[in-house]
Structures are given as C-alpha cells and as structure tokens.
Amino acid sequence: QVTLVESGGGLVQAGGSLRLSCAVSGRTFTKYGMSWFRQAPGKERDFVAGITWDGGMTNYADSVKGRFTISRGNTVDLQMDSLKPEDTAVYYCAAPRSPYIFPPIHESEYADWGRGTQVTVSS
C-alpha cells in the first residue's frame, strides 16, 4: 500500500513563501514521477507542478511558473515564493499510475494521493 504524507502548509501573507514536502512510502519511489495538485474552495482540483522520476524534467501550471519550484530527493518538495491570495487551496501530493512517464496534468492519471495540506495566503 502506497502512502503519501504532505507537510509544510500554513498561513502566510501575500508575497511570502512556504515550502511543502511529500513523504512517500510503499512504492519504488525512484521509478515514478510525482506531482502536486491543489483545490480551492468550490473549485476542481488542478495540476500545479510535476517532476520526472529522475528529477531531470519539470512542468508547471502557467499560474505558478516563475514562482513555484518542484524538486525531489528523499521527499518531493514544492517551494512556493511570491505567494498570492489566489494560491489559497488544499495542496495534494500525487503519484501517477504508470512509472517512467512525464508527469501528466489530468488527475485521472494518478493512482495515489495524500490527504492534503492547507495553504492560506492573506492579502
């Protein structure tokens, strides 16, 4: 059984920074790309950022390009800078169904999800 556990969420003022972390267990971590999604109140869950199994390639939603950075080592991290109130959401870590693929942007392509961590950005 795969377990994903997010941490690092919280309350921050606009313009500030937060770093999210996702710990993965129960899967051969190094074979899978990993991604972050987010869901704001009343909205669908959207792709935020993804990274390949070897960390060699990344992709980002247009809304976060230049502000967020995804990385991986023993965990999968999301560095969020220049935060805006519209970044307020629950952030989820996700692992795709297939190994060795470029991180897909559609949540239907993902098999495993964490419980999420709340990020709130005040204006």
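The values are calculated or read from the model by the stated rules, or taken from the named source; none is laboratory data. The shown structure was predicted, so the numbers you read here are calculated from the model rather than taken from an experiment. Positions of Cβ are generated from backbone atoms using ideal geometry, with glycine treated the same way; all protein chains shown enter the neighbour counts. Note: accessible area is taken over every heavy atom of the protein model, side chains too, but ligands, DNA and RNA are not part of it. Shrake-Rupley method; radii C 1.70, N 1.55, O 1.52, S 1.80 Å.
Values computed for the structure shown
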| item | result |
| --- | --- |
| Complete set of residues in segment 18-32 that are among the aromatic types (Phe, Trp, Tyr) and part of a loop (DSSP other than H, G, I, E, B) | 32 |
| When residues of segment 33-63 are limited to those that are polar (S, T, N, Q) and part of a strand (DSSP E or B), the one least open to solvent (accessible area, probe 1.4 Å) | 35 |
| Selected residue (only one of 87, 77 is in contact (Cβ under 8 Å) with a residue 24 or more places away in the chain, in contact with a Cys (Cβ under 9 Å, 6 or more places away or on another chain) and among the acidic types (Asp, Glu)) | 77 |
| Residue within segment 44-51 that is touching a Leu at 6+ places or on another chain (Cβ under 9 Å), of a type outside the set (A, V, I, L, M) and at pLDDT 95 or above present | no |
| Qualifying residue in segment 66-83 (condition: in contact with a Leu (Cβ under 7 Å, 6 or more places away or on another chain) and either over 17 Å from residue 39 (Cα atoms) or open to solvent by 70 Å² or more (accessible area, probe 1.4 Å) (or both)) | yes |
| Hits in segment 8-17 - residues which are surrounded by 14 or more Cβ atoms within 10 Å (Cβ to Cβ) and assigned to a strand (DSSP E or B) | 12 |
| Pick from segment 71-87, criterion polar (S, T, N, Q) and over 16 Å from residue 60 (Cα atoms), ranking: farthest from the chain's Cα centre (by Cα) | 74 |
| Segment 19-32 - residue that is of a type outside the set (Ser, Thr, Tyr) and at pLDDT 95 or above and, of those, nearest to residue 1 (Cα to Cα) | 23 |
| Residues of segment 85-115 satisfying the condition of being in a loop (DSSP other than H, G, I, E, B), out of contact with any Lys or Arg (no Cβ under 8 Å at 6 or more places or on another chain) and open to solvent by 40 Å² or more (accessible area, probe 1.4 Å) | 97, 98, 101, 102, 105, 106, 115 |
